[in-house]
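The values are calculated or read from the model by the stated rules, or taken from the named source; none is laboratory data. The structure displayed is predicted, hence computed values, not measured ones. Note: ideal-geometry Cβ built from the backbone for every residue, glycine included; neighbour counts use all protein chains shown.
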Amino acid sequence: MRTVIVTGAGAGIGRETAKLFARGGDRVVVADIDGNAATEAALEIVAGGDIAIAYTLDVASDEQWEEFGRWMLVEFGAPDILVNNAGVMDLGGFLEMTPAQWQRVVDIDLLSVVYGSRVFARQMIDAGIRGHIVNISSAAAFLPMPMDPAYGVAKAAVLMATQSLRVELRRYGIGVSAIAPGVIRTELLAHGNRAGLTDAAASNWTSKAGASQRLALAGPDKVARVIARAVRFNWAIVPVNPEAWAAYYLFRLSPTAVRHLVGIASFERAEAVLDRFAPLIARIGARP
């Protein structure tokens, strides 16, 4: 039986990934900063007859990662698979976002990958486990959008960190993959922050943007299946949705074209679209 760690597993992509690995016969450690969400996800898995253990983890804390690593060694030994999924998507222009807001995104989206990979890659090496590490990047890594520069910078760094780690761990038989989802039906925007606005305006924006994300055609279960295949076939970089593949190839073909294309994006245009389709968004969002 393999032991699989999934971070940010209380909801969304992480939860579906944990469920998928558990259904395949793996023992899954469901890690999330929200202990109640982690427990609920683990109980759902256990209710289905599979094995899951909840663990409360702030991925932005290197000390908590070290403690988590010690706990893992005592309870289960070194893991076979680590899925660094936890993340946030805070929006705001490059100049709008404060240093503290930049730091929050970097800590959660990038440094958590560094902390987790260091702890558990070392455990895999010491135990002689030919394991696998999966890091969740994003299609934003290929799109220098003016609306989410901190997120894009962090996810682009995750992409490069993953490739560097893949080269380093190859000699130990440990695979490393980067997954780049496109627009997925999760609560990522609803749980994010919007810089440059008053609290009331930011809350209103986040509510509308979060509702719009529920219109996405692809659900988190699709990303979970891609993650499982990436582990099975040791894929290096895997965009998920058609828009992610398009961004990946277009950026490789012509970064200049990509910059011109995304340069038309703005919060004003996004606000107009959200207002224009508000009735449709509300109607679809109200469906069970």
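Some values worked out for this structure:
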| item | result |
| --- | --- |
| Residue among THR17, THR98 that is within 22 Å of HIS132 (Cα to Cα), out of contact with any Ser or Thr (no Cβ under 7 Å at 6 or more places or on another chain), in contact (Cβ under 8 Å) with a residue 24 or more places away in the chain and of a type in the set (Ser, Thr, Tyr) | THR17 |
| Enumeration of residues in the stretch 189-205 that are closer than 27 Å to VAL83 by Cα and either modelled with pLDDT of 80 or more or in a helix (DSSP H, G or I) (or both) | ASN193 |
| The lone exception for TRP71 - which of (1) free of Cβ contacts under 8 Å to residues at least 60 places away in the same chain; (2) outside any helix (DSSP H, G or I) it fails | (2) |
| The listed residue being at positive phi and out of contact with any His (no Cβ under 8 Å at 6 or more places or on another chain), out of GLY24, GLY49 | GLY49 |
| Exclusive hit being under 26 Å from GLY24 (Cα atoms), among the β-branched types (Val, Ile, Thr) and touching a helix residue (DSSP H, G or I) at 6+ places or on another chain (Cβ under 6 Å), set ILE45, ILE136, ILE51 | ILE45 |
| Hits in the stretch 74-83 - residues which are surrounded by fewer than 18 Cβ atoms within 10 Å (Cβ to Cβ) and either under 17 Å from the mean Cα position of the chain (by Cα) or among the aliphatic types (A, V, I, L, M) (or both) | VAL74 |
| Condition broken by LEU143, with the remaining ones in (1) of a type in the set (A, V, I, L, M); (2) surrounded by fewer than 22 Cβ atoms within 10 Å (Cβ to Cβ); (3) touching a Leu at 6+ places or on another chain (Cβ under 9 Å) satisfied | (2) |
| Filter result (of a type in the set (D, E, K, R) and in a loop (DSSP other than H, G, I, E, B)) within the stretch 116-151 | ARG130, ASP148 |
| Among the residues listed as ALA9, ALA52, ALA42, the single one being buried (at least 24 other Cβ atoms within 10 Å of the Cβ), assigned to a helix (DSSP H, G or I) and either modelled with pLDDT under 95 or of a type outside the set (Val, Ile, Thr) (or both) | ALA42 |
| Residue within the stretch 13-25 that is at pLDDT 95 or above, within 20 Å of SER61 (Cα to Cα) and either over 17 Å from the mean Cα position of the chain (by Cα) or part of a strand (DSSP E or B) (or both) present | no |
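A quick yes/no check of all residues on (1) within 13 Å of the chain's Cα centre (by Cα); (2) modelled with pLDDT of 95 or more:
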position	(1), (2)
SER112	yes, yes
MET124	no, yes
ALA127	no, yes
PRO144	no, no
PRO149	no, no
ALA154	yes, yes
ALA161	no, yes
ARG170	no, yes
VAL176	no, yes
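Here's the yes/no breakdown for (1) basic (Lys, Arg); (2) within 18 Å of ALA161 (Cβ to Cβ); (3) crowded, with 18+ Cβ neighbours inside 10 Å:
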site: ASP62; (1), (2), (3): no, yes, no
site: MET72; (1), (2), (3): no, no, yes
site: ASN85; (1), (2), (3): no, yes, yes
site: LEU91; (1), (2), (3): no, no, yes
site: THR98; (1), (2), (3): no, no, no
site: ASP107; (1), (2), (3): no, yes, yes
site: SER117; (1), (2), (3): no, yes, yes
site: ASP126; (1), (2), (3): no, no, no
site: ILE129; (1), (2), (3): no, no, yes
